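To start, the structure under review is shown below, and the notes come after it.
Every number in this text was worked out from the coordinates using simple rules, so none of it is lab data. What you see is a predicted model, and the numbers here were worked out from it, not measured in a lab. Note that we place each Cβ from the backbone using ideal geometry, even for glycine, and neighbour counts take in every protein chain shown.
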């Protein structure tokens, strides 16, 4: 340790796989903070660094990892963990210069960048009894300090709504800044302005706190709110919004900061067009939160001991992707505060050694069988205690894996998830494989990794991705799968230069994935709920045969005496069953809802959530459903399909998708029914194709979803399961034609 200089040490910090800090040097960070204060004409007295994060934590543990750089050591002086109520953030937020957007804040990591008691004194943790936070003063961040005046009123401040109470203490609302009465300021029409240094290329949530302390009726103080020179709100009247004087409220605004911008401006100014009797503005508190992006909250910038940025070619933003499947509603959230100095954690091996032997892993089967994983997996019915190596197929040596991937060459990476990376590999005999290598930094990914081991060791079906083998040498956790040459279904729908799929190919892909889901739901006594059905988890082989993949969130279905599984909500935004979201009760019908979104995505070829579109088009499921209910689905389909599909097949297809998206699960069809109807849709289209080619065809019968005979659902069977099993209703599954 004596050879390592604390002032020159750098380290990274992870929390359950979310990267919080990257190669951070504490001395440089503190010096830079003081340099910024000095440059703005304020006292520079910072001697410590505090980092505060809000993390979504499910039933798993919170694991913090400090990873030192070479010849460095990691250290921390204190860690505070505070439970946070789920009312702290709303998922729907006003975008600056736009409409409401869904941010999924309860599933994203959040870093507090600034928290200010505007116009008031510094508040310590003991003065914020809900969350024990510190509120700094705002004067250091004001562009023109005399552009705002301090006002206070401590009498009878109350929250306008009970939901406001955990957000900020009442002390914040007892003080505020208003526009200055200074004649020069008024004549030059200065706004009250605050300027903040932020990390570029991240999304930010700006929270503004208001409480009208002076005026006692509407239209006396109306102003505009600007964020980065865009109007976030006009005609803003605190009295009207709060419903009276001395009532505390807050407003959230979403602002995506570009890669070219490292400054965030907040300004308040009078709205002279609103007809207010006064020319003024008021603000009580201010918070700025950075939102995680692809599993990352870290921005790599190095500072020397004087606080100046080091010009280094490596100084760029580096992302670590955890995939779209990591969406977790807060059941237990924690606020983690880190301050600098004592506990020393040292990297014992070089970078090359850590690549060969990732820290923290035990051999696969030892890890799978340990006491931490003896808890019920996949919803409680499947245990890992007796998982045998034989169920995982061939045991590969690490040398074979390295040779197949050219020593884990990033150029062969074909995917990234919360577990780590997926590589394309080639064995000595020319067999192409997919290799999933777990990273030691992701505890959430580890849980999903283990779930996938259990699922794939017990499931075999033509429309489920097959597990070929594994490798657990040198503390590695590696799974080897069949390689799916044509990638994800989504990549063939939009966002790539791949040729568009025909209507028949899309139907066949939907049918294949429906068969895989139907087998999951009925191929065992309790069935299995996938819980993350989406087009990126539907893979296509070299013949465009569709297979379901990624079983890390899967859960065993309810037992015979229960109708659902009670569990924390997980899944992906845009595909998530609203009933599951509201009630936290998981059923097979949750997969059916997600599959309905997939059906609309396959025919419309657009993202399920696109905040850049008009408000009524942002959510694909809602938008497509509104057109389908008008029986006008053809108006919004992929232009590549126009003139190349059977109109009757599209009509039936739309009916199926509409049924899948019923708000209540009891009104949705089973996957067997969905599969039956999709096969019928394909028959309609093939008959149309034959007719187009001058061949004999058949006249279609008028079959609606309500008219499917029970016996016809028995035809939806598992062609490729390794043994005959019984469905939840007890009937034996037959081979599918």
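Brief remarks follow.
- On the basis of the beta-carbon distance and an R0 of 22 Å, residue 494 and residue 92 show a calculated FRET efficiency of 0.35.
- Going by neighbour counts of Cβ atoms within 10 Å, the residues 666, 570, 615 line up, fewest first, as 666, 615, 570.
- Whole-Å distance, taken between Cα centres, linking region 118-160 and region 468-520: 53 Å
- Of the peptides 668-678, 79-89, the order by per-residue mean of other Cβ atoms within 10 Å, starting with the highest, comes out as 668-678, 79-89.
- Peptide packing for 586-596, 17-27, 456-466 was compared via the average number of neighbouring C-beta atoms within 10 Å per residue; ordered from the highest value, the list is 586-596, 17-27, 456-466.
- Mean Cβ count within 10 Å, highest first, over the residues of peptides 48-54, 625-631: 48-54, 625-631
- Taking 0.36 nm per residue of sequence separation and removing the Cα-Cα distance, the residue 692/residue 409 pair yields an extension gain of 97.0 nm.
- Förster radius 51 Å - calculated FRET efficiency between residue 163 and residue 7, Cβ distance, rounded to 0.05: 0.65
- Inverting the pair-averaged 1/r between distinct Cα atoms of region 120-253 gives 16.1 Å as its Kirkwood hydrodynamic radius.
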